[in-house]
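Comments concern the structure below.
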Amino acid sequence: MDKRNANSWAPVIGLDGFRKEQTAGREELLFNELHGERLIEKPHKHDFFIINLFDTASGVHTIDSIDYPIKNHQVHVLFPGQMHKWHVYAGTIGYQLMIERSFFEHFAPFFRFSFTNYQNHPVIDLTKEAFFQLHYEFESVKKELEREHSLIPLITARAGVIAAIVSREAEHVFTEFKVYQSVPRLAKFNMLIDEFFREQKLVAFYAEKLHISPNYLNILCKKHLKISATQLIHQRICVEAKRLLQSTESSIKEITFELGFADQAYFSNFFKQQTGVSPSDFREKR
């Protein structure tokens with residue numbers, strides 16, 4: 001078993017952990033305001049959905065091991081299970097909606113794209129018009145939550161509008177979505193990777209599922225996504241490896257088997273080739 005600091009794994013924090021600092025809320029969701037500096041040094045996960053809307057803002061938000069600059073007029077979307085930490089700098093003004101999974105399902109269809117798209121691109125820059133539209137909806141949700149008998153149907157409708165605006169702005173970021181629209185086989189390939197990446201790592205398996213040759217699948221990936229089919233599979237494996245290294249107490253040997261590698265040394269070499277560091281070094285640094 002790997003020896004590691006017991007505090008280095010990412011804990012899961014539920015919605016109840018934020019009720020004391022809420023600006024307004026009810027059982028299904030909370031509204032918080034962000035003013036000034038906020039620092040979370042250790043990565044953690046939530047079992048609920050979060051939308052952060054930044055007005056005047058600066059800092060760094062680390063989501064699934066990637067550092068994103070916090071800027072004016074941005075929205076940051078976090079799904080349950082994603083790891084994050086941040087350093088929000090002094091002078092920042094922002095707003096948060098924290099939403100239970102069951103309530104999120106009521107307006108989830110208004111997020112027009114696959115959730116994988118939002119998880120891969122959790123930070124979305126907003127036009128000034130889009131920011132003011134979102135700010136109006138956030139404030140409307142806050143005011144409704146502050147009423148003695150807030151109406152869930154009204155809050156759900158507002159949340160749906162927020163999701164629709166975020167999705168409209170996200171279209172400029174989700175370049176691969178346009179590719180997937182125009183090349184359905186690549187969209188299917190991406191879905192198959194999500195389903196089978198632990199067990200199947202060879203392009204031939206996915207090509208057979210898509211009823212095309214491995215060579216043609218590789219040509220499609222290089223032409224439209226600018227990476228090879230193998231690289232796309234490896235990227236997905238690497239994302240999952242990072243999450244497991246940060247968010248679980250599993251040993252590297254256990255993670256090796258969970259990701260479908262037969263040998264720990266092979267997994268370690270694969271991970272170092274993809275990231276530049278060994279699994280143990282990555283875990284220690286984070």
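The values are calculated or read from the model by the stated rules, or taken from the named source; none is laboratory data. Model, not experiment: these values are computed from the prediction. As a convention, Cβ positions derive from the backbone with ideal geometry for all residues, glycine included, and neighbour counts pool all protein chains shown. These accessible areas exclude ligands, DNA and RNA; they are computed on the full protein's heavy atoms, side chains included. Shrake-Rupley method; radii C 1.70, N 1.55, O 1.52, S 1.80 Å.
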Tell me which residues, restricted to the stretch 193-216, are within 24 Å of the chain's Cα centre (by Cα), of a type outside the set (S, T, N, Q) and over 17 Å from residue 119 (Cβ atoms). 196, 198, 199, 201
For the stretch 111-136, which positions are open to solvent by 20 Å² or more (accessible area, probe 1.4 Å), at pLDDT 90 or above and part of a helix (DSSP H, G or I)? 128, 129, 132, 133, 135, 136
List pairs: first in the stretch 218-243 and in contact (Cβ under 8 Å) with a residue 60 or more places away in the chain, second surrounded by fewer than 18 Cβ atoms within 10 Å (Cβ to Cβ), Cβ under 8 Å, 6+ apart or cross-chain? 242/275; 243/81
Output yes when any residue across the stretch 144-159 is assigned by the TED database to the domain that holds residue 31 and either within 27 Å of residue 266 (Cα to Cα) or in contact with a Gly (Cβ under 9 Å, 6 or more places away or on another chain) (or both), and no when none is. yes
Residue 108: among the small types (Gly, Ala, Ser), assigned by the TED database to the domain that holds residue 25 and over 17 Å from the mean Cα position of the chain (by Cα), yes or no? no
Checking residue 191 against (1) assigned by the TED database to the domain that holds residue 215; (2) closer than 30 Å to residue 25 by Cβ: exactly one of these is not met. Which one? (2)
For residues that are over 15 Å from the mean Cα position of the chain (by Cα) and over 24 Å from residue 171 (Cα atoms), tally how many sit in the stretch 80-100. 8
Please indicate, with yes or no, whether at least one residue in the stretch 200-212 is within 28 Å of residue 257 (Cβ to Cβ), touching a Gly at 6+ places or on another chain (Cβ under 9 Å) and at pLDDT 90 or above. yes
Taking helices (runs of 4 or more DSSP H) that do not extend beyond the stretch 173-286, which have at least 3 residues that are open to solvent by 40 Å² or more (accessible area, probe 1.4 Å) and more than 20 Å from residue 122 (Cβ to Cβ)? 184-196, 203-210, 214-224, 229-247, 252-258, 264-275, 279-285
Any chance you could count how many residues in the stretch 137-149 are surrounded by fewer than 17 Cβ atoms within 10 Å (Cβ to Cβ) and under 20 Å from residue 101 (Cβ atoms)? 0
